[in-house]
Amino acid sequence: MRLLAGVGQGLSLSDQPTALARLDPAERARGQRLALAVLRNIDRADALLVPLLSRKPRPEVLDALRLGVVELLELGEAPHGVVNAVVDLVRGMGPKGCAAAGMVNAVLRKVAGQSEAWAALPPEMMPDWLRDPVIAAWGEDVALAIETAHQQGAPLDMTAQPGRTAPGEKLPSGSYRLREAGQISALPGFAEGDWWVQDAAAAMAVRLLDPQPGEYVLDICAAPGGKTLQIAAAGAQVTAVDLSAARLARLHENLTRCRLSAEVVVGDALQFTPDRAPDAILLDAPCSATGTIRRHPDLPLIRDGSALAGLTALQAQLIDHALSLLAPGGRLVFATCSLLPVEGEDQLAAALQRHPGLSVLPVDLPGIAPDWLTAQGGLRLRPDHWPDLGGMDGFFIAGLRKPLAPR
């Protein structure tokens with residue numbers, strides 16, 4: 001309830017680190033799972049609730065009703081226990097909550113028998129500012145397939161160090177996947193540093209960059225650091241730069257656990273200049289993060305697309321700055337975890353126009369379907385790809401080669 005209230009006030013779940021602080025780890029994990037489940041089904045819950053309500057309840061009472069609906073119909077909890085727990089929750093909200101307890105009890109008892117109606121509801125729709133560009137790019141059927149993938153959530157993906165393995169099934173791209181992970185730190189190979197958590201789509205950016213032993217590689221906007229670990233594990237010398245010291249803390253932890261080394265710099269990537277020109281640069285640029293909704297269902301509720309103009313301008317600046325740092329003939333991989341062409345395909349087209357002589361690296365990676373490649377040679381990954389395997393995050397990835405200096 002605390003997490004849901006925070007989202008209602010415009011905070012993401014990750015912006016609320018203390019909301020569940022007083023709970024023990026198991027209850028904290030359960031609270032997080034319940035909040036994610038409600039956010040993933042919030043409009044579907046309202047679709048069943050609205051016909052049963054004579055007027056819209058107070059926000060905290062409505063959240064309690066949504067929680068009850070999702071526990072009953074999505075998670076399949078016992079009706080008696082759910083109804084009693086939610087009624088007790090509402091009664092604890094003071095006099096106004098007590099006044100609503102009878103209504104909550106009656107509504108949830110009616111909802112409990114609507115499993116067929118629940119199953120027939122369509123998945124949560126993306127907001128118009130995201131759905132409209134997705135339809136314009138790929139059509140209504142793809143938009144629905146992406147929404148279906150969002151509804152199913154995200155499994156746990158891992159990248160293994162060279163010569164080692166991770167738990168779960170090996171995906172066509174080389175990542176590993178567990179459908180039900182449980183406690184991550186208890187999984188085989190975690191303590192030994194054999195692998196780290198990283199979505200399969202995100203891991204493809206470094207696979208395209210193809211860092212070589214002894215190369216000097218710059219990882220711009222590096223936090224939380226999965227790509228830095230990939231570059232270091234390949235044997236390259238890597239400098240990771242990010243504005244957020246807090247987000248880089250996880251990179252330090254993973255470097256220690258995996259016994260890998262990297263230079264880590266806290267600072268503005270646009271102001272950073274390395275001591276020597278990098279052989280390759282990875283730029284996973286700040287973006288709308290719309291490709292990560294299946295694991296961050298709070299995102300459509302707290303964003304409205306108004307930041308897009310600033311983000312796309314920043315992405316173009318970062319591309320230009322990265323190219324200015326790169327050694328002649330060097331490689332730049334640009335990536336965004338976005339579903340929006342304006343943050344992917346359009347950025348590639350604009351960069352090629354701004355920088356004559358720039359060429360697109362061919363994409364020759366395992367597990368890539370031919371129709372994932374764009375006309376200009378970029379890689380467009382979507383949540384509806386690999387539907388039988390559990391999908392992937394939405395990403396746009398493009399490799400660029402800087403021309404050699406004139407003789």
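Near GLY92: Cβ cut-off under 15 Å, other residues only, Lys/Arg at +1 and Asp/Glu at -1. The net charge is +1.
Sorting the segments 68-75, 366-373, 381-388 by their mean number of nearby beta carbons within 10 angstrom, highest to lowest, gives 68-75, 381-388, 366-373. I want to verify the translational diffusion coefficient of the range 151-245 in µm²/s; compute it with Stokes-Einstein, Rh as the Kirkwood radius over Cα pairs, at 4 °C and 1.567 mPa s. Using the Kirkwood radius from Cα pairs, D works out to 93 µm²/s. A helix-only calculation puts the chain at -12500 deg cm²/dmol for mean residue ellipticity at 222 nm, using -39500 (n - 2.57) for each DSSP H run of at least four residues, averaged over all residues. Dipole size of the chain about its Cα centre, with +1 on Lys/Arg Cβ and -1 on Asp/Glu Cβ: approximately 660 debye, rounded to the nearest 20.
In plain terms, the bigger the Kirkwood radius, the slower the diffusion; for the chain, with that radius from Cα pairs, at 4 °C and 1.567 mPa s, Stokes-Einstein puts D at 57 µm²/s.
Just to confirm a number: summing +1 for Lys and Arg and -1 for Asp and Glu over residues other than LEU332 whose beta-carbon lies under 14 angstrom from that of LEU332, what do you get? Please report the intermediate quantities before stating the final value.
On the way: positive: LYS227, ARG331, ARG354, ARG401, LYS402; negative: ASP210, GLU215, ASP219, ASP279, ASP284, ASP320.
Value of the local net charge: -1.
Averaging the Cα positions of each part gives two centres, and for the range 375-407 and the range 44-60 these lie 42 Å apart.
Only beta bridges with both residues in the chain are counted; by DSSP, about 55 percent of them are antiparallel. Between SER244 and GLU77, the distance separating the two model label sites (each 7 Å from Cα on the Cα→Cβ line) works out to 3.0 nm. Distance between the 7 Å Cα→Cβ label points at ARG33 and ASP46: 2.7 nm. Candidate cross-link partners of LYS96 among the lysines, defined by an alpha-carbon separation under 23 Å and a same-chain spacing of 8 or more, comprise LYS56, LYS110. Extent along the principal axes, Cα only, for the range 337-405: 46, 25, 17 Å, with the longest axis given first.
Per residue, the solvent-accessible area of the range 1-102 (1.4 Å probe, heavy atoms of protein chains only, all protein chains present) comes to 53 Å².
Each peptide in 54-62, 193-201 was scored by the mean count of other Cβ atoms within 10 Å over its residues; highest first, the order is 193-201, 54-62.
Bridgeable lysines around LYS402 (alpha carbons under 23 Å apart, same-chain partners fewer than 8 residues away excluded): LYS227. Other residues lying with their Cβ under 13 Å from the Cβ of ARG294 contribute a combined charge of -4, Lys and Arg counting +1, Asp and Glu -1.
The values are calculated or read from the model by the stated rules, or taken from the named source; none is laboratory data. Quick caveat: nothing in here was measured; it's all calculated off a predicted structure. Here the Cβ is made from the backbone with ideal geometry for all residues, glycine too, and neighbour counts use every protein chain on show. Accessible surface is based on the protein model in full, side chains and every heavy atom, while ligands, DNA and RNA are left aside. Shrake-Rupley method; radii C 1.70, N 1.55, O 1.52, S 1.80 Å.
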